[in-house]
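Remarks on the structure that follows.
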Amino acid sequence: MSTVPVTGDRDATRVPVRGLTVLYDAECSLCAHLRDWLVRQPQLVPLTLLPAGSDEARARFTGLDHSATLDEVTVVGDSGQVYRETAAWIVVLWALREHRPLAHRLSTPAGARLARGAVLAAARWRGAQWGGRVYRRGDGWTYDPGLGWTYNPPGCAGDACATG
């Protein structure tokens, strides 16, 4: 495992991108669906999909704000380039053989407005699914497809919580 230094500006016009790591929220159903879709796509630039906020993500990208990567998709290039929000989605499409032409269209001023609208719509859908918040295992939430979300506060075993 190699660590990639993450810096604010790696001069993307002069530094080639030979691989991208997509940090996604593994506990978001939409994010997991998109991850599954991405792994099935023919790639011109290899994509590594890594749960945001995971131990591996923290070890590989020490300079990132990992709590922010759980709120918005973040993509890190192999030379430390960091793409967030709309730029992250465009660079991921650019890495895919069948979607590179779309990425070029979305990188224009008019296309960027369209891409930003799609990103905002996805974020709104994601927020609406959880009442405006994201449920996380670390906070005591678990999801069962047959039962839905259940809450068991940290420090509690079954229905009994330790007191004092």
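The values are calculated or read from the model by the stated rules, or taken from the named source; none is laboratory data. Since the structure is predicted, the reported quantities are computational estimates derived from the model, not experimental observations. For neighbour counting, all protein chains shown are included, and Cβ atoms are generated from backbone atoms with ideal geometry for every residue, glycine included. Heads up: the accessible areas ignore ligands, DNA and RNA and are worked out on the full protein's heavy atoms, side chains in. Shrake-Rupley method; radii C 1.70, N 1.55, O 1.52, S 1.80 Å.
Observations, loosely collected:
- S79 satisfies every condition listed in (1) of a type in the set (S, T, N, Q); (2) crowded, with 20+ Cβ neighbours inside 10 Å; (3) assigned to a loop (DSSP other than H, G, I, E, B) except (2).
- Selection from the range 82-109 of residues that are touching a strand residue (DSSP E or B) at 6+ places or on another chain (Cβ under 7 Å), open to solvent by less than 60 Å² (accessible area, probe 1.4 Å) and under 17 Å from R18 (Cβ atoms): V82, Y83, V91, V92, A95, L96
- For beta carbons closer than 9 Å, sequence separation of 6+ or different chains, a first residue in the range 85-107 that is at negative phi and a second that is acidic (D, E), the qualifying pairs are A88/E72.
- When residues in the range 14-47 are screened for being under 12 Å from the mean Cα position of the chain (by Cα), open to solvent by 40 Å² or more (accessible area, probe 1.4 Å) and closer than 14 Å to V82 by Cα, 0 of them pass.
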